[in-house]
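First up is the structure itself, then whatever we jot down about it.
The values are calculated or read from the model by the stated rules, or taken from the named source; none is laboratory data. Values in this document were obtained by computation on a predicted structure and should not be read as measured data. Neighbour counts run over all protein chains shown; Cβ positions are idealised from the backbone, glycine included.
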Amino acid sequence: MAGADRILVASGKKTIEFKPTSATKAEIMQQILGRTGNLRAPTIRRGNTFYIGYNDDLYQQLTGS
């Protein structure tokens with residue numbers, strides 16, 4: 001995540017966007033880690049953008065459809 005320009009996290013039906021330069025590490029970690037402390041799945045890196053978690057809107061952004 002250190003080299004990311006954007007981190008998009010699925011949270012229910014909404015998508016939360018982080019720009020690591022403006023968001024704190026603690027806020028990002030709270031959203032991207034599951035209850036067990038593992039990285040939420042699915043996690044996809046496309047260029048310098050990470051897509052974490054799943055909802056339809058997030059993956060429509062990823063696929064462009």
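Side notes on the structure shown:
- Taking the criterion of being in contact with a strand residue (DSSP E or B) (Cβ under 8 Å, 6 or more places away or on another chain) and among the polar types (S, T, N, Q), the only residue of the range 3-22 that qualifies is THR15.
- If only residues of the range 52-65 that are within 8 Å of ALA10 (Cβ to Cβ) and either surrounded by fewer than 11 Cβ atoms within 10 Å (Cβ to Cβ) or touching a Leu at 6+ places or on another chain (Cβ under 8 Å) (or both) are counted, the one that is modelled with the highest pLDDT is ILE52.
Okay, residues lined up against (1) assigned to a helix (DSSP H, G or I); (2) of a type in the set (Lys, Arg):
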position	(1), (2)
MET1	no, no
LEU8	no, no
THR15	no, no
SER22	no, no
GLU27	yes, no
GLN31	yes, no
ARG45	no, yes
TYR54	no, no
LEU58	yes, no
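- Cβ-Cβ under 6 Å pairs, at least 6 apart or on other chains, the range 34-51 side within 20 Å of THR21 (Cβ to Cβ), far side part of a strand (DSSP E or B): THR49/ARG6; PHE50/ILE7; TYR51/LEU8; TYR51/ILE44
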